[in-house]
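What follows is one structure encoded as structure tokens, with my remarks underneath.
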Amino acid sequence: MAQKQQITADAAAEPKKRRRVEFSAADAGVDPNDCIKIYLVSGKEEVGATDNLSLNAIDLSNFFEEDGKIYGYQGLKISVWVNIISFHSFSDINYNSKSDAGKGITDLTSALKNMFGETLVDNKDDFLESFSRDALYIRETLKNGETLQKTISKKHDNYSESHFEASDSYVQVIRMGMKNEATGQLYSRLVPLVLLLVDGSNPIDVTDPSWEMYLLIKKAVDQSGNDQDLVVGFSAVYRFYCYPNGLRLRLGQILVLPPYQQKGYGRHLLEVLNDVAIREEVYDITIEEPVEKLQHLRTCMDVSRLLSFDPIQNAVNATTSQLKHGKILKKAYIPRLLPPPNVVEDVRSTFKINKKQLLQCWEILVYLGLCTSEACVKDYFAVVSNRVRVGILGKDSETLGKKVIEVPSEYEPDMSFVMFRSKAGGEAVEMDDDQNKQEEQLKQLVDERIEEIKLIAEKVSQLGRPNKNWPYRFSTALSAASGKVHGSLARAGKVRGQTPKVAKQDKKKKPRGRAHKRMQYNRRFVTAVVGFGKKRGPNSSEK
């Protein structure tokens with residue numbers, strides 16, 4: 001017993017050992033855009049090579065659940081090859097290890113199926129075989145389609161004559177209706193590319209017969225010397241009913257595949273659609289929520305077509321004549337300077353351009369017709385600024401700067417007031433912080449619109465004068481108007497082509513008396529007080 005107690009005492013004297021609990025690091029996840037590469041290939045010998053053209057997808061995280069990240073993998077690399085002949089795809093997934101670090105393990109197969117749908121092939125050998133098996137897939141699918149020939153009008157299509165790069169003899173546009181089952185199957189193969197490359201896009205309803213596909217096909221020769229049809233791009237167009245017995249075309253989707261972008265194919269496809277709208281006498285053609293680049297191209301094309309249209313020329317001449325005098329800023333109300341209603345209707349019936357798009361082109365057409373005087377350009381920018389403001393804030397924004405002040409009067413006290421308005425660019429009305437922030441945002445939008453107008457005008461002006469009746473020269477006038485030198489250099493006449501030096505005595509204004517200045521002030525800013533007998537201003541001392 002004594003020995004047993006001694007052992008117990010020795011054990012109690014030893015220090016207790018603490019257990020160390022190690023926690024694994026939280027899984028931060030992997031951004032899909034960093035580990036997934038998508039390649040476009042046209043032959044089986046290109047599969048596996050990483051020097052092929054890769055897609056710059058919009059955001060791959062949209063295809064993954066939760067916060068758009070991949071969890072549970074270390075050293076993950078995913079390569080996806082897309083066959084641009086049959087539009088099948090195959091994925092190769094590689095990683096060092098995988099483990100659940102608290103957020104589970106992402107099902108990559110399911111995520112890729114969600115991204116590429118039924119076009120994703122599980123077996124690599126089947127994918128390689130698709131290059132030879134489906135070599136004639138596009139040709140067989142399009143054999144029942146309608147081949148459209150683009151008509152280039154020398155009178156109204158300066159833009160396509162000067163900038164079209166894709167040869168008509170090797171490029172065709174085929175129209176396919178959704179009534180054909182093969183059209184829906186082909187579109188289903190193109191859907192993954194639409195979702196990857198077009199932000200905010202959704203698949204169209206292939207069961208709706210009102211949808212049409214316009215496929216841009218390029219004739220090529222493969223490595224074996226056989227003829228091959230390649231899909232360069234496509235567009236999906238919907239036919240709407242227009243009262244009482246017409247139709248309207250709406251462009252819902254348009255895509256040019258990355259290997260063929262920046263080569264004129266997208267412009268060619270738009271030109272064919274415009275030609276279809278004119279030939280079939282639809283009411284107009286519109287684009288559903290166009291992205292910035294598409295809207296830029298569309299406006300360049302439409303401005304070029306409208307330059308040689310006589311009603312537009314006459315309307316632009318009438319508008320620019322109002323801007324020549326440089327007195328718009330001195331007016332209490334800045335005019336909108338919109339095109340006449342009859343011109344809007346003529347443009348719609350001739351070119352199928354709707355009113356909203358015409359107003360976008362109108363500001364550029366007026367800018368192209370401006371003279372180079374500084375006052376003229378300044379007034380034009382004031383008109384653009386006012387149009388942007390009214391478009392966002394409404395017509396009430398045009399009354400900013402006006403004030404009504406009550407003044408004492410013996411006659412009709414309720415009707416006695418003075419209203420004055422500071423001229424454009426003059427004294428500003430007091431505003432709170434929210435209004436100041438709103439003004440800054442409006443100014444930014446105005447600056448962006450003016451830069452857009454200058455950029456499109458410069459591109460169109462490089463084509464030269466459409467005909468001898470256009471009032472002003474193009475590129476030189478625009479550069480002077482948009483890049484005019486201000487300040488001491490211009491005033492001193494030290495910059496060629498700018499304001500010449502003016503003698504000091506010529507700068508003096510003609511002297512005016514105090515009475516004349518008071519009359520001028522009253523006419524511009526003061527509304528006379530309503531009362532009997534002689535009209536009196538608010539500062540009158542008469543009783």
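The values are calculated or read from the model by the stated rules, or taken from the named source; none is laboratory data. Note that the structure is a prediction, hence the values are computed from the model and not measured. Every residue, glycine among them, receives a Cβ derived from its backbone with ideal geometry; neighbour counts consider all protein chains shown.
Give Ser308, Ser373 a once-over and let me know the one that is surrounded by 17 or more Cβ atoms within 10 Å (Cβ to Cβ), touching a His at 6+ places or on another chain (Cβ under 8 Å) and at pLDDT below 95.
Going through Ser308, Ser373 in turn, the sole match is Ser308.
Are any residues in the range 196-226 free of Cβ contacts under 8 Å to residues at least 60 places away in the same chain, more than 25 Å from Val41 (Cβ to Cβ) and not acidic (Asp, Glu), and if so, which ones?
Asn202, Ile204, Val206, Thr207, Pro209, Ser210, Trp211
Tell me which of these Asp227 doesn't satisfy, since it passes every other one: (1) touching a strand residue (DSSP E or B) at 6+ places or on another chain (Cβ under 9 Å); (2) of a type outside the set (Gly, Ala, Ser); (3) surrounded by 12 or more Cβ atoms within 10 Å (Cβ to Cβ).
Evaluating Asp227 over (1) touching a strand residue (DSSP E or B) at 6+ places or on another chain (Cβ under 9 Å); (2) of a type outside the set (Gly, Ala, Ser); (3) surrounded by 12 or more Cβ atoms within 10 Å (Cβ to Cβ) leaves (3) as the failure.
In this structure, is Arg239 at pLDDT 95 or above, surrounded by fewer than 21 Cβ atoms within 10 Å (Cβ to Cβ), more than 22 Å from Ser42 (Cβ to Cβ) and in contact with a Phe, Trp or Tyr (Cβ under 6 Å, 6 or more places away or on another chain)?
no
For the range 62-84, check the following and say yes or no: at least one residue is free of Cβ contacts under 8 Å to residues at least 12 places away in the same chain, within 28 Å of Leu186 (Cα to Cα) and not in a loop (DSSP other than H, G, I, E, B).
yes
Which of the residues that make up the range 297-315 are farther than 25 Å from Phe240 by Cβ and either within 11 Å of the chain's Cα centre (by Cα) or aromatic (Phe, Trp, Tyr) (or both)?
Phe309
Considering each of Phe131, Phe64 in turn, give the residue that is closer than 27 Å to Ser201 by Cβ and among the aromatic types (Phe, Trp, Tyr).
On inspection, the qualifying residue turns out to be Phe64.
Anything in the range 180-195 that is among the β-branched types (Val, Ile, Thr) and without any contact (Cβ under 8 Å) to a residue 40 or more places away in the chain? List them, or say none.
Within the range 180-195, none qualify.
For the range 263-283, name all the residues that are surrounded by 21 or more Cβ atoms within 10 Å (Cβ to Cβ) and among the acidic types (Asp, Glu).
Glu271, the sole residue that qualifies.
Can you confirm whether the range 436-454 contains a residue that is modelled with pLDDT under 55 and surrounded by fewer than 11 Cβ atoms within 10 Å (Cβ to Cβ)? Spell out how you get there, then give the answer.
Here is the first cut: in the range 436-454, the ones modelled with pLDDT under 55 are none.
Checked the range 436-454: no residue is modelled with pLDDT under 55 and surrounded by fewer than 11 Cβ atoms within 10 Å (Cβ to Cβ).
Of everything in the range 31-61 that's in a loop (DSSP other than H, G, I, E, B) and hydroxyl-bearing (Ser, Thr, Tyr), which residue is surrounded by the most Cβ atoms within 10 Å (Cβ to Cβ)? Show your work before the answer.
So in the range 31-61, the residues in a loop (DSSP other than H, G, I, E, B) come out as 31, 42-43, 47-53, 55-59.
Restricting the remaining residues to those that are hydroxyl-bearing (Ser, Thr, Tyr) gives 42, 50.
Details: Ser42: 19, Thr50: 8.
It comes out as Ser42.
Scanning for something in contact with a Phe, Trp or Tyr (Cβ under 6 Å, 6 or more places away or on another chain), surrounded by 12 or more Cβ atoms within 10 Å (Cβ to Cβ) and either at pLDDT below 95 or basic (Lys, Arg) (or both), does the range 193-203 turn up at least one residue? Explain how you work it out, then say what you get.
Of the residues in the range 193-203, the ones in contact with a Phe, Trp or Tyr (Cβ under 6 Å, 6 or more places away or on another chain) are none.
Among the residues of the range 193-203, not one is in contact with a Phe, Trp or Tyr (Cβ under 6 Å, 6 or more places away or on another chain), surrounded by 12 or more Cβ atoms within 10 Å (Cβ to Cβ) and either at pLDDT below 95 or basic (Lys, Arg) (or both), which makes the answer no.
I'm checking my understanding of the structure. Among residues of the range 210-248 that are among the hydroxyl-bearing types (Ser, Thr, Tyr) and in a loop (DSSP other than H, G, I, E, B), which one is farthest from Ile285 (Cα to Cα)? Spell out the reasoning first.
Taking the range 210-248 as the starting set, the residues that turn out to be among the hydroxyl-bearing types (Ser, Thr, Tyr) are 210, 214, 224, 235, 238, 241, 243.
From what is left, the residues that are in a loop (DSSP other than H, G, I, E, B) are 210, 224, 243.
Values: Ser210: 15, Ser224: 42, Tyr243: 15 Å.
The residue in question is Ser224.
Residues in the range 246-257: is at least one over 23 Å from the mean Cα position of the chain (by Cα) and touching a residue at least 12 places away in the same chain (Cβ under 8 Å)?
Checked the range 246-257: at least one residue is over 23 Å from the mean Cα position of the chain (by Cα) and touching a residue at least 12 places away in the same chain (Cβ under 8 Å).
Find all pairs meeting these conditions: Cβ atoms under 9 angstrom apart; at least six residues apart or on different chains; first residue within the range 86-105 and at pLDDT below 85; second residue of a type outside the set (Gly, Ala, Ser).
Ala101/Asp27; Ala101/Tyr71; Gly102/Asp27; Gly102/Tyr71; Lys103/Asp27; Lys103/Glu66; Lys103/Lys69; Lys103/Tyr71
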